[in-house]
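Here's the structure, in structure tokens; my notes come after.
The values are calculated or read from the model by the stated rules, or taken from the named source; none is laboratory data. Here the structure is a predicted model, which means the values were calculated and not measured. Glycine also receives a Cβ, built like all others from the backbone with ideal geometry; neighbour counts cover every protein chain displayed.
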Amino acid sequence: MPSPKHVPVVIVGAGPAGLLLGQLLYQAGIDNIILEQRSPDYVLGRIRAGVLEQVSMDLLREAGAGANMDRHGLHHHGIELLFAGQRHRIDLHGLTGGKYVMVYGQTEVTRDLMQVRAEEGLATVYEAAHVQPRDYDGEQPRVRWEKDGELHEVRCDFIAGCDGFHGACRASIAPERIRHYEKVYPFGWLGLMSDTPPVSKELIYVNSERGFALCSQRSLTRSRYYLQVPLSDKVEDWSDEAFWEELRRRLDPEARERLVTGASIEKSIAPLRSFVCEPMRFGRMFLAGDAAHIVPPTGAKGLNLAASDVGYLSRAFIDYFKNKSTHGIDHYSEQCLKRVWKAERFSWWMTSLMHNFPEEGAFHTRVQEAELDYLVHSRAASTSLAENYVGLPMA
Ligand code: FAS
Ligand code: PHB
């Protein structure tokens, strides 16, 4: 199919950020093309997030891609913290005046967005190689890519860099124009997915002497578990049996008893980092989602931050094309970063609270114990966790 010569917005990356932006712009009558380096199956094969905030739920419904989420997603009104052998429930719903989170996997979100885009017949170029954003400091940005040995180029009004942490858009920016803030954690998350019933109705975040663990889920018959592991571990070091044994050691007796094990349908190790680049706008190119920031998954914020960036960016583009106003695009970066940094703080705080840091010594461990004890016995402290976990409102 010949590429268009000009399109209002070129979106680089067909992950949740790119696909959601494409739908929101389409709904407003703004044409766009998405360039994705991988195949649809490859994108769907990456197992990632599992918890949606209200903001993400609202944006998916606004994009016309919320039906499956509303039909199959699980409303969660609380989470549990397990430490010193005791489980303590944080009543998210009660502490936030009725808010909740939706357990619905990123894979399903991405598939739903792919489906509505395909139904609308919108242009998505998969396996687009060597995507190059160009001339975004001028009035007529261009994007080049290769596909099946042919070179393609399209002119546009704006480029949306939704191409994740390792993407081409941020990489194209001259170092002197961009500031990086980064913290790398001294451990990773070994994740396992299994077609077994979840060990508990709600998510259990574990701080045990052997390390962090998380009991999550995708449905009433599919579970997702994580273990804190040293960065030196390789996924091939971990048999399913070894995983289940270690998870049992980190659980309380009741959960250990209830745990249903089974063959892994996915197993992988993800490193943990906090990362923010500033600003998020460079002329007529805008970064959104993991292309601009990364959070450790402990606070379940990564996917949700990508969604709120896209919420701001779609409004900014609509304001420009419909009202010829540059207010939204001129304030995009500042508006996103206010929300991004609050989510970065919460994700860093929850990671620092729930993981083992042996290199920090015994004092750090005692302070963690005191904070956990305070957290579950203070309404003010629990409320602070709850309102950050369900997601702060978009300004
Ligand atoms: P994505 O990385 O999802 O998508 C970017 C897309 O751009 C990809 O499809 C990529 O192939 C494409 N791309 C990259 N370079 C390109 C180029 N040069 N040209 C064209 N396309 C290009 N978040 C949570 O909330 N909870 C979790 O439990 C959680 N677990 C995670 C586990 C892992 C291993 C990782 C890496 C992330 C995890 N996250 C989690 C965060 C994750 O969900 C991201 O926040 C989310 O995918 C962000 O979506 P996007 O910004 O669309 O980036
Ligand atoms: C997940 O289900 O993948 C998940 C849930 C909550 C988190 C991180 C990951 O904080």
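Among helices (runs of 4 or more DSSP H) entirely within the stretch 310-395, having at least 3 residues that are within 30 Å of Val10 (Cα to Cα) singles out 327-354. If you go through the stretch 55-65 one residue at a time, do you hit one that is away from ligand 1 (no atom under 12 Å from the Cβ), within 30 Å of Asp373 (Cβ to Cβ), in a loop (DSSP other than H, G, I, E, B) and at pLDDT 95 or above? No, every residue in the stretch 55-65 fails to be away from ligand 1 (no atom under 12 Å from the Cβ), within 30 Å of Asp373 (Cβ to Cβ), in a loop (DSSP other than H, G, I, E, B) and at pLDDT 95 or above. May I ask you to verify whether Asp163 is touching a residue at least 60 places away in the same chain (Cβ under 8 Å), in contact with a Cys (Cβ under 6 Å, 6 or more places away or on another chain) and not small (Gly, Ala, Ser)? It is true that Asp163 is touching a residue at least 60 places away in the same chain (Cβ under 8 Å), in contact with a Cys (Cβ under 6 Å, 6 or more places away or on another chain) and not small (Gly, Ala, Ser). Determine, yes or no, whether Arg48 is out of contact with any helix residue (DSSP H, G or I) (no Cβ under 8 Å at 6 or more places or on another chain) and either in contact (Cβ under 8 Å) with a residue 40 or more places away in the chain or assigned by TED's automatic domain parsing to the domain that holds Phe158 (or both). Taking the combined requirement at face value, the residue does not satisfy it. Number of residues in the stretch 188-203 that are in contact (Cβ under 8 Å) with a residue 24 or more places away in the chain and more than 19 Å from the chain's Cα centre (by Cα) equals 8. Could you tell me whether Thr261 is touching an Asp or Glu at 6+ places or on another chain (Cβ under 9 Å), over 22 Å from Leu353 (Cβ atoms) and loosely packed, with under 14 Cβ neighbours inside 10 Å? Answer is no for this residue. Of the residues screened, Arg38 is one that is out of contact with any strand residue (DSSP E or B) (no Cβ under 7 Å at 6 or more places or on another chain), part of a loop (DSSP other than H, G, I, E, B) and within 24 Å of Asp148 (Cα to Cα). Whether any residue in the stretch 182-202 is more than 15 Å from ligand 2 (Cβ to nearest atom), over 25 Å from Arg249 (Cβ atoms) and not aliphatic (A, V, I, L, M) is what I want to check. Yes: one or more hits.
Okay, residues lined up against (1) surrounded by 14 or more Cβ atoms within 10 Å (Cβ to Cβ); (2) more than 26 Å from Gly289 (Cα to Cα):
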site	(1), (2)
Glu209	no, yes
Cys215	yes, no
Trp238	yes, yes
Ala242	no, yes
Pro253	no, yes
Ile265	no, yes
Cys277	yes, no
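Test Gln115 against the stated conditions and say whether it is part of a strand (DSSP E or B) and either of a type in the set (Phe, Trp, Tyr) or out of contact with any Leu (no Cβ under 8 Å at 6 or more places or on another chain) (or both). For Gln115, the condition - part of a strand (DSSP E or B) and either of a type in the set (Phe, Trp, Tyr) or out of contact with any Leu (no Cβ under 8 Å at 6 or more places or on another chain) (or both) - is not met. Screening Ile79, Ile30 for residues that are farther than 25 Å from Leu220 by Cβ and in contact (Cβ under 8 Å) with a residue 60 or more places away in the chain leaves exactly one candidate, Ile30.
Do you know which residues across the stretch 143-180 are in contact with a helix residue (DSSP H, G or I) (Cβ under 9 Å, 6 or more places away or on another chain) and of a type in the set (Asp, Glu)? Listed by number, the residues that qualify are Asp157, Asp163. Could you tell me whether Arg224 is part of a strand (DSSP E or B), touching a strand residue (DSSP E or B) at 6+ places or on another chain (Cβ under 8 Å), closer than 25 Å to Leu353 by Cα and charged (D, E, K, R)? Yes; evaluated as a whole, the condition is true for this residue. Here Ser232 meets the list (1) out of contact with any Lys or Arg (no Cβ under 8 Å at 6 or more places or on another chain); (2) within 15 Å of ligand 2 (Cβ to nearest atom) almost entirely, failing just condition (2). The residue that is farthest from Ser208 (Cα to Cα), among those in the stretch 260-292 that are touching a helix residue (DSSP H, G or I) at 6+ places or on another chain (Cβ under 8 Å) and within 16 Å of ligand 2 (Cβ to nearest atom), is Asp290.
A single member of Ala307, Ala386 is under 28 Å from Cys156 (Cβ atoms), touching a helix residue (DSSP H, G or I) at 6+ places or on another chain (Cβ under 7 Å) and touching a residue at least 40 places away in the same chain (Cβ under 8 Å), and it is Ala307. Determine whether Ile265 is outside any loop (DSSP other than H, G, I, E, B), within 27 Å of Asp163 (Cβ to Cβ) and of a type in the set (A, V, I, L, M, F, W, C). No, not satisfied. Within the stretch 94-109, being under 22 Å from the mean Cα position of the chain (by Cα), part of a helix (DSSP H, G or I) and not hydroxyl-bearing (Ser, Thr, Tyr) holds for Gln106, Glu108, Val109.
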